[in-house]
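The values are calculated or read from the model by the stated rules, or taken from the named source; none is laboratory data. Just so it is clear, the structure is predicted and the values come from calculations on it, not from any experiment. Every residue, glycine among them, receives a Cβ derived from its backbone with ideal geometry; neighbour counts consider all protein chains shown.
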Amino acid sequence: MWAAFGSWLGCNAILGNEAAVFDPIDSLGAEAGPGPDVVTSSDSSFPDSAIPNDGNTCVDVDKNPAHCGRCGHDCLGGACVSGRCQPILVASDNEGPSAIAIDHSHVYWTNSETGELHRAPIAGDAGSEVLYANDAGFGTRFDVHGENVYFVRIGDSSILQCPKSGCGSTAPTPIATAAQVPSALLVNDAGALFWTELDPDGGIGTCDLPCTGTVTYRVSHETRPTFLAVDGPALFWTTLGPSQVRGQSAPGDEARTLTSKQFLSDVKVAGERVFYTNLGEAARVVFRDGGGDMALPKAGTNIGPLATDGADVYFAEQSDQGRIFRCPVTGCAAAPEVIATSQGRPTALAVDAVSIYWTNSGATQTDGGTAGPGVMRLAK
């Protein structure tokens, strides 16, 4: 659907229609409807009688947390209100959490104020523990892979690892040293580790875990590369001054500019589409070849963090009453689905097969009242 409008956007730019905003509803002729997880009890697909389902009874899908909105849709500990699952507080962090990562059992986060790396069970019923205290800064992103947590230490440009259970009384293990100040770090499915170096003459370094060999640089002479996304051999990143979304299809290929904006705050890739956010604006999407740059329609402003599971893209509004949105990567019908409201300044997002997770740096409204800053979870 995005492809059908790349030429439309280009023509409007040539004609000077700079205010034109892509809104797929006009071309699809479709009315806005409930999202894929919103099904009411009046839907004809539900019989009048109770349906046995995994030992539970599928009735009253408007408020049944085991069958919320549809049979078998479990809210995973959250309440069900009007056929929608509600977020739960996984763990509190009153100093304000920042970056986030997840595995099959735990959610991990950093706190830029305290210099601590935490984790808590995703079920949200066992509190949290400090894995490592790092007063030298963690950068904008860290990652979890295998049995370890990987992160940067800005103070000495180190790339470090700790067991997922924590460093304990020992120091984290240095596995590489960045040439400049490191910022975002991620590990791909094949075990290749990448990081950006936030310098006027920065680059993107990489090594294959356990990183016992030579560090190489996929790209060099980039102006303050900040956020990073990877898809197979392809890399995508943002730069500051000029503020651009850049990409490289494979090692050795020429880096190219996909789009230029003012204050880029995140980037994610799903198939042929690269999603990014520009502070003060809605989320945007551009094709990985650089064509068809457009805003997601009616998606609020001041959008910051992004996440994608390949089918949907999720993004958050960074405000005291922030909202979490969901949109298929192929395009939204009329407007992105709002899946959570009244969130206190969402800072980072992560997603797995069944849930969305995010960090809130401010107070949040929950079913139990007002919760302080912390880590949230919402069943898809």
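Observations, loosely collected:
- Given (1) in contact with a Cys (Cβ under 9 Å, 6 or more places away or on another chain); (2) buried (at least 24 other Cβ atoms within 10 Å of the Cβ), number of the condition P305 does not satisfy: (1)
- Extreme residue, surrounded by the most Cβ atoms within 10 Å (Cβ to Cβ), among residues of segment 182-237 that are touching a Lys or Arg at 6+ places or on another chain (Cβ under 9 Å), closer than 13 Å to V269 by Cβ and not aromatic (F, W, Y): L235
- Counted residues, segment 168-215 - those being charged (D, E, K, R), under 22 Å from the mean Cα position of the chain (by Cα) and closer than 18 Å to S243 by Cα: 1
- Residue within segment 292-299 that is surrounded by fewer than 17 Cβ atoms within 10 Å (Cβ to Cβ), farther than 29 Å from G124 by Cα and either among the aliphatic types (A, V, I, L, M) or at pLDDT below 85 (or both) present: yes
- Flag set for R284, criterion: over 20 Å from F138 (Cα atoms), of a type outside the set (A, V, I, L, M) and out of contact with any Cys (no Cβ under 7 Å at 6 or more places or on another chain).
- Applying a threshold of 6 Å to beta carbon distances and a minimum spacing of six or more residues, or different chains, the list of pairs starting in segment 222-237 at a residue that is in a strand (DSSP E or B) and ending at one that is of a type in the set (F, W, Y) and surrounded by 18 or more Cβ atoms within 10 Å (Cβ to Cβ) reads P225/W237; L228/W237; A229/F236.
- For segment 300-312, the candidate set comprises residues that are in contact with a Lys or Arg (Cβ under 9 Å, 6 or more places away or on another chain) and not in a strand (DSSP E or B); within that set, the residue that is modelled with the highest pLDDT is D309.
- Matching option when the condition is in contact with a helix residue (DSSP H, G or I) (Cβ under 9 Å, 6 or more places away or on another chain) and of a type outside the set (K, R), among A334, A371: A334
- Enumerated strands (runs of 3 or more DSSP E) restricted to segment 321-364, each holding at least 2 residues that are more than 15 Å from C85 (Cβ to Cβ): 322-328, 346-351, 355-360
- Residue selected from segment 316-332 under the condition in contact with an Asp or Glu (Cβ under 8 Å, 6 or more places away or on another chain) and more than 18 Å from I100 (Cβ to Cβ), by the criterion surrounded by the fewest Cβ atoms within 10 Å (Cβ to Cβ): P328
- Within segment 127-162, restricting attention to residues that are within 14 Å of D93 (Cα to Cα) and of a type in the set (G, A, S), the residue that is surrounded by the most Cβ atoms within 10 Å (Cβ to Cβ) is S128.
- Residue match in segment 168-177 (condition: among the polar types (S, T, N, Q), surrounded by 14 or more Cβ atoms within 10 Å (Cβ to Cβ) and touching a Ser or Thr at 6+ places or on another chain (Cβ under 8 Å)): no
- Criterion violated by P52 - all others in (1) outside any loop (DSSP other than H, G, I, E, B); (2) at pLDDT below 95; (3) surrounded by 15 or more Cβ atoms within 10 Å (Cβ to Cβ) satisfied: (3)
- Segment 96-137: number of residues that are out of contact with any Ser or Thr (no Cβ under 7 Å at 6 or more places or on another chain), of a type in the set (A, V, I, L, M, F, W, C) and part of a loop (DSSP other than H, G, I, E, B): 3
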